[in-house]
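Okay, structure first, notes after.
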Amino acid sequence: VQLQACGGGVVQAGESLRLSCAASGSIIGIKAMRWYRQAPGKEREWVASITMSGANSYGDSVKGRFTISGDRPKKTVYLQMNSLEPRDTAVYYCNIESVFANYWGQGTLVTVSS
């Protein structure tokens, strides 16, 4: 199973981006889909989660600006990022947790200029 994340890029503060992450191969028993990010010189930070019951949760720094959504049959998770700020600059990683394993994408770079 491989997770392919895309949608990153360079934007100006206040603009929007939509990240997507699709899994190839079979994943049985998906429990949750998540996004994390890692800024230069910092530890990886949890950004958002969505459970298969549809419950969303967000880190404080992105609450109200980012929206996570998931398509379980397509094994795809999205992250709509609005009102981007320079502090959102990071490599964004997707994660899919199943009952058997934890899968990670390769990361997509988001750069927000002021």
Quiz prompt | Whole-percent carbon and sulfur share, accessible surface of the chain, 1.4 Å | solution = 50 percent
Exercise. With a Förster radius of 22 Å, plug the Cβ-Cβ distance of residue 111 and residue 38 into 1/(1 + (r/R0)^6) and report the FRET value to the nearest 0.05.
Key: 0.95
Exercise. Mind telling me which of 77, 11, 99 comes out most flexible in a GNM of the chain, alpha-carbon contacts under 10 Å?
Key: 99
Practice problem: Could you pull out every one of the lysines with an alpha carbon less than 23 Å from that of residue 74, ignoring same-chain neighbours closer than 8 positions? | Solution: 31
Practice problem: Under a 10 Å cutoff between Cα atoms, tell me which one of 37, 18, 87 has the largest fluctuation in the Gaussian network model of the chain. | Solution: 87
Quiz item: Where does region 1-103 land on Rg(C-alpha)/(2.2 N^0.38 Å)?
Solution: 1.04
Quiz item: Put a dot 7 Å past each Cα toward the Cβ at residue 52 and residue 15; how far apart are the dots in nm?
Solution: 3.7 nm
Self-check item: Candidate residues 49, 69: accessible-area rank, largest first, probe 1.4 Å
Solution: 69, 49
Exercise. Arrange the residues 71, 60, 88 by how much accessible surface each exposes, largest first, with a 1.4 angstrom probe.
Key: 60, 71, 88
Quiz item: Where the only charges are on Cβ atoms (+1 Lys, Arg; -1 Asp, Glu), what is the dipole of the chain about its Cα centre, to the nearest 20 debye?
Solution: 220 debye
Practice problem: Looking at the chain, send over the antiparallel percent of its DSSP beta bridges, to the nearest 5. | Solution: 90 percent
Practice problem: Enter the accessible area per residue of region 28-79 (Å², integer; probe 1.4 Å; all protein chains in place). | Solution: 54 Å²
Quiz item: Put +1 on the Cβ of each Lys and Arg and -1 on the Cβ of each Asp and Glu in region 7-87; which of 66, 36, 9 then has its Cα farthest toward the positive end of the dipole?
Solution: 36
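The values are calculated or read from the model by the stated rules, or taken from the named source; none is laboratory data. Bear in mind the structure is a predicted one, so any value in this text is a computation, not a measurement. Reconstructed Cβ throughout: ideal geometry from the backbone, glycine too, with neighbour counts over all protein chains shown. With ligands, DNA and RNA removed, areas are computed over all heavy atoms of the protein, side chains included. Shrake-Rupley method; radii C 1.70, N 1.55, O 1.52, S 1.80 Å.
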